[in-house]
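Working notes, beginning with the structure itself.
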Ligand SMILES: [Zn+2]
């Protein structure tokens with residue numbers, strides 16, 4: 001599955017490059033790069049994988065798996081897949097103006113499905129090994145499809161996102177964030 005939305009159920013994870021004397025609010029209504037996600041879908045098809053394009057990924061804190069009540073709640077909210085990673089990197093990628101998409105290789109039905117066993121580490125590892133082989137084929141097919149130039153908006157996500165005046169940003173913050181914001185603060 002290639003999600004196009006995320007829901008944050010994490011607590012206190014570092015989710016931004018900003019804050020130390022510089023304020024920025026990037027657009028995040030559409031957290032995934034459409035262009036990259038489309039290419040990932042095509043690559044997945046080409047690799048012969050069963051592909052679901054679009055859907056919402058709920059990112060839970062973990063490390064414990066969901067309770068039955070949580071699992072049912074997420075389904076009632078219309079969530080499609082659940083995991084413990086992905087969301088923070090999507091936010092950081094957008095702030096760094098990097099195109100981002102997720103290949104979500106599903107391992108289990110969490111704990112809500114009456115006809116499937118509840119999720120265990122053993123189940124995840126078995127399916128994960130199978131999924132890893134699929135993922136390698138998809139990534140191989142995806143790399144061939146990547147264009148030399150980007151036509152999406154990811155490359156300019158920060159253009160009108162920085163609120164702090166350049167002369168008010170502390171020098172140390174400027175130095176640390178130079179690879180990301182340098183071109184906007186000069
Ligand atoms: Zn992009």
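Every number here is computed from the coordinates shown, using simple stated rules; none is lab data. Everything numeric in this text was worked out from a predicted model, so none of it was measured. Every residue, glycine as well, gets a Cβ built from its backbone with ideal geometry; the counts of neighbours run over all protein chains shown.
Which parts of segment 46-66 would a label at residue 123 reach, counting a residue when its backbone N lies under 15 Å from a point 7 Å out along Cα-to-Cβ?
Correct set: 65-66.
In terms of the Cα gyration tensor, with a ≥ b ≥ c the square roots of its eigenvalues, is segment 134-186 rounded because a/c is under 1.5, prolate because a/b exceeds b/c, or oblate? Each step should come with its number before you reach the end.
On the way: a/c = 3.92, a/b = 2.55, b/c = 1.53.
Prolate.
Most exposed first by the Cβ proxy, i.e. fewest other Cβ within 10 Å, how do 66, 44 rank?
Working: 66 20, 44 25.
Going from least to most buried by this count: 66, 44.
Which residues does a label at residue 23 reach in segment 157-171, if reach means a backbone N under 16 Å from a point 7 Å past the Cα toward the Cβ?
Answer for this model: 160-170.
Rank these for me by crowding, 103, 129, going from fewest to most other beta carbons within 10 Å. Kindly include the intermediate steps, with their values, before the conclusion.
Numbers: 103 20, 129 10.
Placing the least packed residue first, the sequence is 129, 103.
For the pair residue 113 and residue 53, what calculated FRET efficiency results from E = 1/(1 + (r/R0)^6), where r is the Cβ-Cβ distance and R0 = 22 Å, to the nearest 0.05?
Working: r = 23 Å, r/R0 = 1.03.
Calculated value: 0.45.
For the chain, just the Cα set please: Rg and Dmax, both in angstrom.
For the chain, the Cα-based Rg and Dmax read 18.8, 61 Å.
What does the C-alpha gyration tensor say about the overall shape of segment 12-98? Classify as rounded when a/c is under 1.5, otherwise prolate if a/b is larger than b/c, or oblate. Can you show the working numbers first?
Numbers: a/c = 2.30, a/b = 1.13, b/c = 2.05.
Oblate, since a/c reaches 1.5 and b/c is not below a/b.
Highest mean first, what order results for 33-43, 112-122, 155-165 on Cβ atoms within 10 Å? Please report the intermediate quantities before stating the final value.
Values: 33-43: 19.6, 112-122: 11.5, 155-165: 14.6.
Final packing ranking: 33-43, 155-165, 112-122.
As a test, work out the antiparallel percent of DSSP beta bridges whose residues both lie in the chain, rounded to the nearest 5. Don't jump to the answer; show the numbers that get you there.
Working: 1 of 10 bridges.
Within the chain, antiparallel bridges account for around 10 percent of the total.
Output the relative contact order of segment 5-185, whole-number percent, from Cα pairs under 8 angstrom with separation of 6+ residues. The partial results should precede the final answer.
Details: 222 pairs, mean separation 61.2, N = 181.
It comes to 34 percent, rounded to a whole number.
Among 133, 89, which comes first, then next, by fewest other beta-carbon atoms within 10 Å? If you can, show how the numbers build up before the last one.
On the way: 133 9, 89 13.
Fewest-to-most Cβ neighbours within 10 Å comes out as 133, 89.
Go ahead and run the numbers for FRET between residue 134 and residue 11, Cβ-Cβ distance against an R0 of 45 Å, rounding to 0.05. Each step should come with its number before you reach the end.
Values: r = 32 Å, r/R0 = 0.70.
Computed FRET efficiency for residue 134 and residue 11: 0.90.
Per the helix-only calculation at 222 nm, which mean residue ellipticity applies to the chain, given -39500 (n - 2.57) for every DSSP H run of n ≥ 4 and division by its residues, nearest 500 deg cm²/dmol?
On the way: 6 runs with 70 residues, N = 186.
Dividing the helical sum by the residues of the chain leaves -11500 deg cm²/dmol.
Relative to the longest principal axis of the C-alpha atoms of the chain, give the angle of the C-alpha long axis of helix 34-46, reported between 0 and 90° and rounded to the nearest 10°.
Helix 34-46 and the main axis of the chain meet at about 30 degrees.
Cα gyration tensor of segment 1-61, axes a ≥ b ≥ c as square roots of the eigenvalues: rounded (a/c below 1.5), prolate (a/b > b/c) or oblate?
Details: a/c = 3.18, a/b = 2.00, b/c = 1.59.
Judged from the Cα gyration tensor, segment 1-61 comes out prolate (a/c at least 1.5, a/b above b/c).
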